[in-house]
Amino acid sequence: MNTAEILKFAIDLVAVLLLALGIKGLSKVRSAREANRLAAVAMGLAVIGVLVNSLGTTGIAAGAWIWIILGTLVGGSLGAITAQRVPMTSMPETVALFNGCGGMSSLLVALGVAIFPAAAAAGEAGGGLVEDISIVVSVFVGSITFTGSIVAMAKLQGWLSTPPWMQSKARHAVNIALAVISLIAAVELGRHGDNSSALWLLVIGSGLLGIGVTLPIGGADMPVVISLLNSYSGVAAAAAGFVVGSQLLIVAGAMVGAAGLILTQVMCDGMNRSLVSVLFGGALGASSASGGGGEYTNITSCSAEECALTLEAAERVVIVPGYGLAVAQAQHTLREVTRVLEAGGIEVTYAIHPVAGRMPGHMNVLLAEADVPYEQLKEMDVINPEFPATDVVLVLGANDVVNPQAKTDTSSPLYGMPVLDVQEARTVFVVKRGMSAGYSGIKNDLFELANTSMVFGDAKKVLGDLLVELKELGIGKKG
Amino acid sequence: MSFLSEALWVLLLGSLLGLELIGKVPPTLHTPLMSGANAISGITMLAALTLIIKAGDNIPLLAMGAVALGFALFNVIGGFLVTDRMLAMFSRKSARRKDTNS
């Protein structure tokens, strides 16, 4: 070991320590922001480590610098621009996009080493079988992560919907066929490391498998998929670590992979679903559209004015935010409405379902943006016993998470999912654009209950009207 | 074999560490945590960097490495900045709460 190698070793150790502290800190509200910066610093250190090591041993050619700077500038600036521009409401898609690019990177590295084994001879991996296996794993996982994430993003953006045949049982056969093709290609590649047709077969097979597995998954389950793909991209990074012989990569990739798996499990628990049923069960409701579906017969609708009158008389109000609120960008208007209510002496809390929105914590982020105090956000287990003592519940663009079918109807695909018991409250107002079904495509019995009134319209517009009405009623005026 | 066995130990211990690091996470932090962990998974940029450095004068490989580096950095920089944006909203609020309490 010369000085540069020792220096790199020391830097790597510090980087791993900081990364671990970073992930740990990210799980606590108080330390989260510093922890994020810590992790960013660790990443920077790791890059310096690689550069120092190379400068001290083999040196870095001028030509290589040009490509490094080119890649850094383009990727880095695009990332920075995307991060600044993207609205808070489309966070899930953004994470999916970033994640897919991470997978793509691992894939490209493995491809590079596979296509040019002599030139890249990176491997302290020792070449031979170990390197071949690492390449296969990296290509396979990287490819699935990339296509899966892109499909997840496109579905969340509404650019892509599930073709009907993907809902049928046939998709299992297709996916199994793709998996077998990938496996054959992988074995071929392992036997003769320089078999380029097997390599491309593996890339295409696993890429299509990523699409085939993600595409049929129903909207309500999408957060779980993104979290799982995030875990995969950690695995892909660890595999890339084996390919180029970097222990730092292996440890960081393994940490992300394992942590992502835990987070995925936490999300599954929140929905009372198993990971297996999320991955292979297909879209909720699609198979039983006739069973859970049907027309609404007994709907009461009312205007913002009536809603305001009821709110004025209330003492306890619970807000149930959902994806509709995020789409309408209505969080700030909502905050103004609740400020008026609070000024009028009405107790306002927010009921946060673990999977409300398109991602766990989506609603928390959104409401935090609108300056809603953290203490007013109540988790499902805390708020559920309080609904019978609640005067008015305002459901804003949420649907499946307040569907009482999940408790009462054993034939419903939602059955067993924990939901908010809003129907226990005295009055429920559901603000919704129309009578369309929720993301899961299942009819919501809540809308037909006697104590439920629908207020049709875009969440932002309805809340705006509500604000005007409340002000006319003179709520919250001093004196 | 020595690299392999060492690397497998690293893989095992790293995975165990990852499982332990996240025990209880308040739902508020699920999205930022996912996004932060996602940024860290962009550490493949190190592999891309190594690839470029060792590529010599092989232009296709250099280009591939540069594209891989670009994708990884898109993930890393974008991921950390987005996470910071989300977390900034929480910390700004708690700072204000402190003011009103005192």
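The values are calculated or read from the model by the stated rules, or taken from the named source; none is laboratory data. Quantities reported herein were computed from a predicted structural model and do not represent experimental measurements. When we count neighbours, we look across all protein chains shown, and the Cβ atoms used for this are built from the backbone with ideal geometry, even at glycine.
Restricting to region A:242-264, name every residue that is more than 25 Å from A:TYR323 (Cα to Cα) and at pLDDT below 90. Lay out the reasoning, then the answer.
Taking region A:242-264 first, the residues more than 25 Å from A:TYR323 (Cα to Cα) are A:242-259.
Matches in region A:242-264: A:PHE242, A:VAL243, A:VAL244, A:GLY245, A:SER246, A:GLN247, A:ALA259.
A quick yes/no check of all residues on (1) crowded, with 23+ Cβ neighbours inside 10 Å; (2) more than 20 Å from B:LEU33 (Cβ to Cβ); (3) touching a helix residue (DSSP H, G or I) at 6+ places or on another chain (Cβ under 7 Å); (4) not assigned by TED's automatic domain parsing to the domain that holds A:PHE429:
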residue	(1), (2), (3), (4)
A:HIS353	yes, no, yes, no
A:HIS362	yes, no, yes, no
A:VAL365	yes, no, yes, no
A:ASP371	no, yes, yes, no
A:GLU375	no, yes, no, no
A:LYS378	no, yes, no, no
A:VAL382	no, yes, no, no
A:PRO385	no, yes, no, no
A:PRO388	no, yes, yes, no
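Which ones in region B:1-25 are farther than 23 Å from A:ALA35 by Cβ, surrounded by 15 or more Cβ atoms within 10 Å (Cβ to Cβ) and aliphatic (A, V, I, L, M)?
Step one: list which residues in region B:1-25 are farther than 23 Å from A:ALA35 by Cβ, which gives B:1-9, B:11-12.
Filter once more, so that each one left must be surrounded by 15 or more Cβ atoms within 10 Å (Cβ to Cβ): B:3-4, B:7, B:11.
Hits for region B:1-25 are B:LEU4, B:ALA7, B:LEU11.
Say whether the condition of being part of a loop (DSSP other than H, G, I, E, B) and modelled with pLDDT under 90 is met by at least one residue in region B:85-94. Explain how you work it out, then say what you get.
Within region B:85-94, the subset part of a loop (DSSP other than H, G, I, E, B) is none.
Checked region B:85-94: no residue is part of a loop (DSSP other than H, G, I, E, B) and modelled with pLDDT under 90.
Is it the case that region A:55-73 has a residue that's surrounded by fewer than 24 Cβ atoms within 10 Å (Cβ to Cβ), within 21 Å of B:LEU33 (Cα to Cα) and touching a residue at least 12 places away in the same chain (Cβ under 8 Å)?
Within region A:55-73 (the criterion being surrounded by fewer than 24 Cβ atoms within 10 Å (Cβ to Cβ), within 21 Å of B:LEU33 (Cα to Cα) and touching a residue at least 12 places away in the same chain (Cβ under 8 Å)), the answer is no, since none of the residues qualifies.
Check off (1) in contact (Cβ under 8 Å) with a residue 24 or more places away in the chain; (2) out of contact with any Asp or Glu (no Cβ under 8 Å at 6 or more places or on another chain) for A:ASP381 and give me the number that stays unchecked.
It fails just one condition, (1).
Working only within region A:358-371, note down all residues that are in contact (Cβ under 8 Å) with a residue 40 or more places away in the chain and assigned to a loop (DSSP other than H, G, I, E, B).
In the first step, residues of region A:358-371 are kept if they are in contact (Cβ under 8 Å) with a residue 40 or more places away in the chain; the result is A:358-360, A:362-363, A:365-367, A:369.
Hits for region A:358-371 are A:ARG358, A:MET359, A:PRO360.
Which number in (1) touching a Leu at 6+ places or on another chain (Cβ under 9 Å); (2) closer than 16 Å to A:VAL256 by Cβ marks the one condition that B:THR31 misses?
(1)
Give the residue that is farthest from A:LYS155 (Cα to Cα), with candidates limited to residues of region A:89-122 that are under 16 Å from the mean Cα position of the chain (by Cα) and more than 7 Å from chain B (Cβ to nearest Cβ). Even if it seems obvious, please write down each step before you answer.
If we filter region A:89-122 for residues that are under 16 Å from the mean Cα position of the chain (by Cα), which is where we start, we get A:89-103.
Among the residues that remain, those that are also more than 7 Å from chain B (Cβ to nearest Cβ) are: A:89-90, A:92-93, A:96-97, A:100, A:103.
Details: A:THR89: 15, A:SER90: 12, A:PRO92: 11, A:GLU93: 9, A:ALA96: 11, A:LEU97: 12, A:GLY100: 14, A:GLY103: 18 Å.
Here the answer is A:GLY103.
What do you reckon, is B:PRO60 touching a residue at least 24 places away in the same chain (Cβ under 8 Å) and in a helix (DSSP H, G or I)? Outline the logic, then answer.
Values: touching a residue at least 24 places away in the same chain (Cβ under 8 Å): no; in a helix (DSSP H, G or I): yes.
Spelling it out, it is not the case that B:PRO60 is touching a residue at least 24 places away in the same chain (Cβ under 8 Å) and in a helix (DSSP H, G or I).
Within region A:48-88, work out how many residues are more than 35 Å from the chain's Cα centre (by Cα) and either facing chain B (nearest Cβ under 7 Å) or not in a helix (DSSP H, G or I) (or both). Steps first, please.
Of all residues in region A:48-88, those more than 35 Å from the chain's Cα centre (by Cα) come to A:52-66.
Next, only the ones that are either facing chain B (nearest Cβ under 7 Å) or not in a helix (DSSP H, G or I) (or both) stay: A:54, A:57-61, A:63-64.
Going through region A:48-88 one residue at a time, the tally reaches 8.
Just need a number here: residues in region A:35-47 that are more than 9 Å from chain B (Cβ to nearest Cβ) and within 15 Å of B:LEU33 (Cα to Cα).
Of region A:35-47, the ones more than 9 Å from chain B (Cβ to nearest Cβ) are A:38, A:41, A:44-45.
This time we only want the ones that are within 15 Å of B:LEU33 (Cα to Cα), so: A:38.
Qualifying residue count for the region: 1.
Scan region A:4-32 for residues that are assigned to a helix (DSSP H, G or I) and within 10 Å of chain B (Cβ to nearest Cβ) and jot them down.
Of all residues in region A:4-32, those assigned to a helix (DSSP H, G or I) come to A:4-25, A:32.
Listed by number, the residues that qualify are A:ASP12, A:ALA15, A:VAL16, A:LEU19, A:ALA20, A:LEU21, A:GLY22, A:ILE23, A:LYS24, A:GLY25, A:ALA32.
Tell me, please, whether a residue that is at the interface with chain A (Cβ under 7 Å from one of its Cβ atoms), surrounded by fewer than 18 Cβ atoms within 10 Å (Cβ to Cβ), without any contact (Cβ under 8 Å) to a residue 12 or more places away in the chain and not β-branched (Val, Ile, Thr) can be found in region B:26-49.
Scanning region B:26-49, I find at least one residue that is at the interface with chain A (Cβ under 7 Å from one of its Cβ atoms), surrounded by fewer than 18 Cβ atoms within 10 Å (Cβ to Cβ), without any contact (Cβ under 8 Å) to a residue 12 or more places away in the chain and not β-branched (Val, Ile, Thr), so the answer is yes.
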